[in-house]
Amino acid sequence: MGNLRDQLKAAIEDGRLAPGMRLPSSRDARKLFGVARNTMAEVYEQLLNEGYVVARHGSGTFVADTLPKALQPATSTHSPARRLNPFWLQPEVTAAMGFWRETAPHSPTSSTASIDLRPALVDARLFPFDVLRRVSSKQLRSLERKTARNKSPQGNQGNFHLRRAITNHIAVTRAVACHADDVVVTSGAQQAFDLLARVLVTAHDAIVAVEDPGYPPMRVAFAAAGAKLVPVGIDAEGLIVDAIPANATVICLCPSHQFPIGVSMSARRRHALIEFARRNNAVIVEDDYDGEFRFGGSPLAALRAHEASDVVFYVGTFSKCMLPSLRLGFIIAPDWARRALVAAKNCLDWHCSMPIQLGVAAFIAEGHLAHHVRRMRRVYQQRRQLLMETLDKDFSRWLDAIPSHYGIHISAAATTELDLERATETLARNNIQLHTFSRYYLGPPTRHGLIFGLGATGQSDLRRALAALQQTLRYPGRGPASHLRRTDCW
């Protein structure tokens, strides 16, 4: 009996018998373990007393979810963790790459559904999943008829049909003229940033200028490659080109809809930036994350025009115009850099999922993406109008909306001294998620305000969230009313 008990204990301790696993019944003991039923019952009783197993009436005996505390493995003073790259252990890196994980100090006190006003989210409830399923199924059936080959698609640069569809899409929506050979397909914009950092950064030598405030996960990719990051400020005309250090080798920015402030870079600044890059032998990474959504104003072409194609890397994504879960993006790269980018892509994951690439290619080619963007532009315009009217009517004493004609979020600068961090924490306890400017800064914050994402919240919930915010700002010591229910998609 003792030998069997010791064997079971050892199997539990080293994980061969996993937590929660159901153990054989005592009536099967002779067949499985060669011992009598009563002997097996005694073994289980001893393991139960020692905390290795639990008995559930009517269900049987199960391995305990946690081992007894005294029996937990001791932490070695010579832990292999010391071999980890310390870069990935830095708190600021963990925070930046955990960008979408909220860290509110208290759990929500309200049982109502969450209202999410964070930026860069989309309303997946309104996406035509049935259409994507149909076109994707057709592409899968065509794959079934092809002989399986261990050959990477188009040199791992991406499926040709998708690359051609991308060029047609951005030619219409962003006035970017390019060929399918200029496109490298990536697993979302984040992989695009990682690829660019790998091929453009020489460790401890590259100086990368980034917008401040800006998108934290993008900064991490370049820092991880060994670049020195230099924050450059934003004003009403966009990135302050005169503040870029002369030795910068890479400049990263969102010229059409600065993230998160929302301003568009002026024509004067765009020209100055291109001239700076050529004069100083630098390159530009243009993040055009939601350029399909324009509301009023004159159409604004992407920075990557034909005359700037030699110095601009254009990064696009399907996360905003389709779905983030597709994990699909692309780089429009200068001729001189494409070979290096494809080699780096091969090193990471060879290529993106072929069924996903083919499905999205057909979705674009058949006109479904253009139709979806037109529909969502109307939806987001309605939410945008509601937000702007409410900010102007009810929040003028605290906030001033920053003019913007692009994208699916609006930022508002504080016009008076406000404890916005405390306000957003109060809202978070009532299931309302809203970001302040401060979490986007690399250097010390120079402006304070709130960012209102319009992608994931319908008009009814938007009204409720704004009413709660107004109460929170008016009476800082009180929490908002928590009668907030998700009621609509529009």
Cα axis of helix 267-279 to longest principal axis of the chain: angle in degrees, 0 to 90, nearest 10? 80
Overall form of segment 259-379 per C-alpha gyration tensor (a/c, 1.5; a/b vs b/c): oblate
The chain - percent relative contact order, Cα under 8 Å, separation 6 or more: 19
If I stretch the segment between S396 and W88 completely, what's the gain in nm (0.36 nm per residue apart, minus their alpha carbon distance), one decimal? 106.7 nm
Given DSSP loops and a limit of at most 15 other Cβ atoms within 10 Å, what is the longest stretch of the chain that contains no such GluC sites (Glu not before Pro)? 103-365
Checking the a/c ratio against 1.5 first, then a/b against b/c, what shape does the Cα gyration tensor give for segment 154-367? oblate
With the 8 Å Cα cutoff and a minimum separation of six or more residues, segment 330-452 has a relative contact order in percent of 16
Any idea what angle helix 354-365 forms with the longest principal axis of the chain, computed on alpha-carbon atoms, 0 to 90 degrees, nearest 10? 30
Relative to the longest principal axis of the chain, what angle (0 to 90°, nearest 10) does the C-alpha long axis of helix 368-394 take? 80
Could you tell me the center-to-center distance, by alpha carbons, between segment 394-409 and segment 266-322 in angstrom? 23
What nm value, rounded to one decimal, do you get for the distance between T39 and D310 when each label is placed 7 Å out toward the C-beta? 8.6
Under 8 Å for C-alpha pairs, at least 6 residues apart: give me the relative contact order for segment 208-262, rounded to a whole percent. 48
What FRET efficiency would be calculated for the residue pair R22, D235, taking the C-beta separation as r and a Förster radius of 60 Å, to the nearest 0.05? 0.40
If each DSSP helix of 4+ residues adds -39,500 (n - 2.57) and the sum is divided by the residues in the chain, what number results at 222 nm, nearest 500 deg cm²/dmol? -12000 deg cm²/dmol
Inter-label distance for F295 and T415, nm, one decimal - labels placed 7 Å from Cα along Cα-to-Cβ: 1.9
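No value in this document is a laboratory result; all are computed from the given coordinates. Here the structure is a predicted model, which is why all the values come from computation and not from measurement. Neighbour counts are summed over all protein chains in view; Cβ atoms, including those assigned to glycine, are modelled from backbone coordinates with ideal geometry.
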